[in-house]
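**Student:** Structure provided below as structure tokens; questions to follow.
The values are calculated or read from the model by the stated rules, or taken from the named source; none is laboratory data. It should be emphasised that the depicted structure is a prediction, and the values quoted were computed from it without experimental measurement. We place every Cβ from the backbone using ideal geometry, glycine too, and count neighbours over all the protein chains shown. Just the protein is used for accessible areas: all its heavy atoms, side chains included, with ligands, DNA and RNA removed. Shrake-Rupley method; radii C 1.70, N 1.55, O 1.52, S 1.80 Å.
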Amino acid sequence: MLPPVRGGRLGDKSLRAWLAQSDLSVDNEPRELLASIVDELGLPCPDEGLAALRMWGQTGDRPTVWIAAADPVYLEPRLDHLCLHALQRAGIPASDLRPLFDHLQSTLASDKCFGFARLGQYGYLRAEAGISTASVPAYVVDQREPGEFLPSGEHTVSHRNILSEIEMALHEHEVNERRLAEGKPPVNSLWLWGGGLAPEKVTRPQPPAFTDDPLLLGYWESATAVADLWPGNFEACAEASLHGFVAVTPELDNHPDHLHDYLDELRGLLRSRRVSRLILLFRDGLRAEVRRSHTIKFWRRDSELLD
């Protein structure tokens, strides 16, 4: 999993030609990261409990209660609709999230039917009785109208009620007033998604994963599979696993020079026969399957999918 590449981000003609010679396809619909990766590997994707898996990946311990992710968002009112902004993508400091979640816990969780917690840059909602939540994280809905992604079916009334209370509690909080004064978007809502119980731990063969993403780490932990943090380069991943690996570069690592270096390193691994093929998933929906034999397509020097 690599940074975005489309929109002319890759200027190196040699690397553009290398990608153009591969099997390229594009999906313009944003997808959740775990779903994209397990689809490639032919592994099962959980129907629920993604938030519990993410907490598992953060703490190393399997949660035993019902958990939903509660991620900070800014709902921007526009002329005839709302536009959701996933604030984690812009980077929101723990110093802003901590007082907001402490406030929610102290004002809304007095009856102990549900509670709020923050772990790093991630928020969580615990509930004694499960409620309906969205199935995708906020970054999938980023810059879009959130209505079509909201949950439907049973327990949606509970979802609406809790969300209404959350938004009322966050309104005019001093953290949001300060953020507005600094020209930053306020945290005026939480995106509740991935609710459920963590799956039971199983043993399932999976290639080693190298990632900082806690949901992926939790998924690999739940399968008793090998996972480690992203080491900073693909050479280390290839050294640690002779039979293939999953590597996910950090989400906020979008510098064009880093994209160039990543692709140049991967091309070197393929040319030196350290790997037999590459499946490259870029965060803007481009997919490239690259084999050494693709170099015979020397007439392909570029692709409009990269523009």
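**Student:** How many residues, within the range 255-274, are among the small types (G, A, S) and in a loop (DSSP other than H, G, I, E, B)?
**Tutor:** 1
**Student:** Also: Only one residue in L281, L286 is on the phi < 0 side of the Ramachandran plot and open to solvent by less than 10 Å² (accessible area, probe 1.4 Å), so which one is that?
**Tutor:** L286
**Student:** Moving on. Grab the strands (runs of 3 or more DSSP E) fully contained in the range 1-115, keeping just those with 1 or more residues being open to solvent by less than 60 Å² (accessible area, probe 1.4 Å) and within 18 Å of M168 (Cα to Cα).
**Tutor:** Hits in the range 1-115: 67-77, 82-86.
**Student:** Go through the range 222-259 and give me each residue that's over 18 Å from R283 (Cα atoms) and of a type in the set (D, E, K, R).
**Tutor:** Selection gives D228, E235, E239.
**Student:** If I filter the range 223-237 down to residues being out of contact with any helix residue (DSSP H, G or I) (no Cβ under 6 Å at 6 or more places or on another chain) and in a helix (DSSP H, G or I), which single residue comes out as surrounded by the most Cβ atoms within 10 Å (Cβ to Cβ)?
**Tutor:** Per the stated criteria, the residue is C237.
**Student:** Can you list the helices (runs of 4 or more DSSP H) found entirely within the range 152-222 that contain at least 1 residues being over 22 Å from D47 (Cα atoms) and either in contact (Cβ under 8 Å) with a residue 24 or more places away in the chain or open to solvent by less than 10 Å² (accessible area, probe 1.4 Å) (or both)?
**Tutor:** 156-170, 174-181
**Student:** Go through (1) hydrophobic (A, V, I, L, M, F, W, C); (2) open to solvent by 30 Å² or more (accessible area, probe 1.4 Å); (3) assigned to a helix (DSSP H, G or I) one by one and return the number of the condition L252 breaks.
**Tutor:** (3)
**Student:** Only residues in the range 45-73 that are more than 29 Å from N176 (Cα to Cα) and touching a residue at least 60 places away in the same chain (Cβ under 8 Å) count as the first member; pair them with residues that are among the acidic types (D, E) and open to solvent by 60 Å² or more (accessible area, probe 1.4 Å), Cβ under 7 angstrom, at least 6 apart or cross-chain, and list the lot.
**Tutor:** Sorted first by the residue in the range 45-73, then by its partner, the pairs are W56/E221; G57/E221.
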